[in-house]
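J.: Okay, handing you the structure first.
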Amino acid sequence: QVQLVESGGGLVQAGGSLRLSCAASRLTFSTYAMGWFRQAPGKEREFVTAIGGGNTYYADSVKGRFTISRDNAKVYLQMNSLKPEDTAVYYCATTGRCSGYGCYASFLQYDYWGQGTQVTVSS
């Protein structure tokens, strides 16, 4: 069974930075697109960013502040200029069938999910 494990969350002050990582096992990692979603208390899970097909996609709320990247084993989310509204549990997920922003931004298109890592940004 595919496993995704996130790490790197924590508590940071507004304006600070964090780097999340997501490691995948039992997956031919290079052939799958990867996405990051987040969910704040009382809110729906929302798309943050994805990387696949040689492209990257970002939600407007994080564009210019967050950067997604990957190597042969992990996907990363570099988060700069963090704001209190970025506070959420961050999840990585994988999909093998997406094309275009609309697809990558839909959590329904993702097959496997990590357990999440908490990011808290204090004001």
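The values are calculated or read from the model by the stated rules, or taken from the named source; none is laboratory data. None of the values given here were measured: they were computed from a predicted structure. All Cβ positions, even for glycine, are placed from backbone atoms using ideal geometry, and neighbour counts span all protein chains on display. To get the accessible areas, we keep the full protein, side chains included, count just its heavy atoms, and leave off ligands, DNA and RNA. Shrake-Rupley method; radii C 1.70, N 1.55, O 1.52, S 1.80 Å.
J.: How much accessible surface area, in Å² rounded to 10, belongs to the heavy atoms of Ser25 with a 1.4 Å probe?
T.: 40
J.: What lysines does Lys83 reach when the alpha-carbon gap must be under 16 Å and sequence neighbours fewer than 8 apart in one chain are set aside?
T.: Cα-Cα hits under 16 Å: Lys63.
J.: Moving to a separate point now. Would you rank Tyr76, Tyr101, Tyr90 by solvent-accessible area, highest first, keeping every protein chain in place and using a 1.4 Å probe?
T.: Working: Tyr76 35, Tyr101 100, Tyr90 0 Å².
Reading off the accessible areas and sorting them downward yields Tyr101, Tyr76, Tyr90.
J.: Here's a follow-up. What residue among Thr95, Thr56, Thr31 has the largest mean-square fluctuation in a Gaussian network model of the chain, using Cα springs under 10 Å?
T.: Sorting by GNM fluctuation, first place goes to Thr31.
J.: Place +1 on the Cβ of every Lys and Arg and -1 on the Cβ of every Asp and Glu in the chain, take the dipole about the Cα centre, and give the residue among Gly42, Gly96, Ser61 whose Cα lies farthest towards its positive end.
T.: Of the listed residues, the answer is Gly96.
J.: Here's a follow-up. For Cα pairs less than 8 Å apart in space and 6+ apart in sequence, what is the mean separation divided by the residue count of segment 1-56, i.e. the relative contact order in percent?
T.: Details: 61 pairs, mean separation 14.5, N = 56.
This gives 26 percent for segment 1-56.
J.: Using a 1.4 angstrom probe on heavy atoms only, work out the carbon and sulfur share of the accessible area of the chain in %.
T.: Ligands and nucleic acids excluded, carbon and sulfur give 46 percent.
J.: What does the C-alpha gyration tensor say about the overall shape of the chain? Classify as rounded when a/c is under 1.5, otherwise prolate if a/b is larger than b/c, or oblate.
T.: Prolate, because a/c is 1.5 or more and a/b exceeds b/c.
J.: Let me ask you something else. Please compute the per residue accessible area over the chain with all protein chains in place, 1.4 Å probe, rounded to a whole number of Å².
T.: Here the residues of the chain average 51 Å² of exposed surface.
J.: Sticking with this structure for a sec: List every residue whose amide H lies under 5 Å from the amide H of Leu82, counting only residues 5 or more places away in sequence or on a different chain, with H placed 1.01 Å from N in the peptide plane.
T.: Under 5 Å from the amide H of Leu82: Gly15, Gly16.
J.: Taking the Cα centre of segment 24-123 as origin, sum charge times position over the Cβ atoms of Lys and Arg (+1) and Asp and Glu (-1), and report the length of that vector in debye to the nearest 20.
T.: 120
J.: Charges at C-beta only: +1 for Lys and Arg, -1 for Asp and Glu. How large is the resulting dipole of segment 70-123 about its Cα centre, in Debye rounded to 20? Can you show the working numbers first?
T.: On the way: 4 positive and 4 negative charges, 22 e Å.
For this selection, approximately 100 debye.
J.: Can you list the HN-Hα couplings for segment 91-107, worked out from phi with the Karplus curve (6.51, -1.76, 1.60; θ = phi - 60°), rounded to whole Hz and with x for Gly and Pro?
T.: Coupling constants for segment 91-107: 10, 9, 8, 10, 9, x, 9, 8, 8, x, 4, x, 6, 4, 7, 9, 5 Hz.
J.: Straight distance only, please: which aspartates and glutamates reach the Cα of Lys43 with their own Cα at less than 14 Å, same-chain residues fewer than 8 apart left out?
T.: Glu85, Asp86
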